[in-house]
1. Taking region 36-48 as the search range and keeping residues that are under 11 Å from the mean Cα position of the chain (by Cα) and assigned to a helix (DSSP H, G or I), which one is nearest to Gly60 (Cα to Cα)?
2. So, in region 1-35, of the ones that are in a loop (DSSP other than H, G, I, E, B) and modelled with pLDDT under 85, which residue ends up nearest to Gly60 (Cα to Cα)?
3. Can you name every residue in region 4-49 that is surrounded by fewer than 16 Cβ atoms within 10 Å (Cβ to Cβ), out of contact with any Asp or Glu (no Cβ under 9 Å at 6 or more places or on another chain) and of a type in the set (A, V, I, L, M, F, W, C)?
Amino acid sequence: MQFKLFTIPVYAVCTNEHLAEMAKNRAATIADLKTINGFGDAKAEKYGEAFLAVVREGIGRKDETGG
């Protein structure tokens, strides 16, 4: 994950529940992230694109395998 660019670990930014919600809902936009409880404006703006890139990559892998 691209969070090596930041000075804090990914688990300090969001919980496993946040990640599960992103994957379940296939978050595609910053607005989608903001609908996740505990993932507000500041967090979405600062880290959102990095999370969305990972979600997109995961969706692409799932689609490629027929899942």
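The values are calculated or read from the model by the stated rules, or taken from the named source; none is laboratory data. Predicted, not measured: the structure shown is a model, and the values here were computed from it. Cβ sites come from the backbone with ideal geometry, for glycine too, and all protein chains shown count toward neighbours.
1. Among them, the one singled out is Gly48.
2. Pass one, region 1-35, residues in a loop (DSSP other than H, G, I, E, B): 1, 6-9, 14-15, 26-29, 35.
Right, trim to modelled with pLDDT under 85 and you get 1, 6-9.
Numbers: Met1: 16, Phe6: 25, Thr7: 28, Ile8: 27, Pro9: 25 Å.
Filtering region 1-35 for residues that are in a loop (DSSP other than H, G, I, E, B) and modelled with pLDDT under 85, the one nearest to Gly60 (Cα to Cα) comes out as Met1.
3. Here is the first cut: in region 4-49, the residues surrounded by fewer than 16 Cβ atoms within 10 Å (Cβ to Cβ) are 4-9, 11-12, 15-17, 20, 23-26, 28-31, 34-35, 37-38, 40-42, 45-46, 49.
Remaining after also requiring out of contact with any Asp or Glu (no Cβ under 9 Å at 6 or more places or on another chain): 4-9, 11-12, 15-17, 20, 23-24, 28-29, 31, 40-42, 45-46, 49.
Across region 4-49, the qualifying residues are Leu5, Phe6, Ile8, Ala12, Ala20, Ala23, Ala28, Ala31, Ala42.
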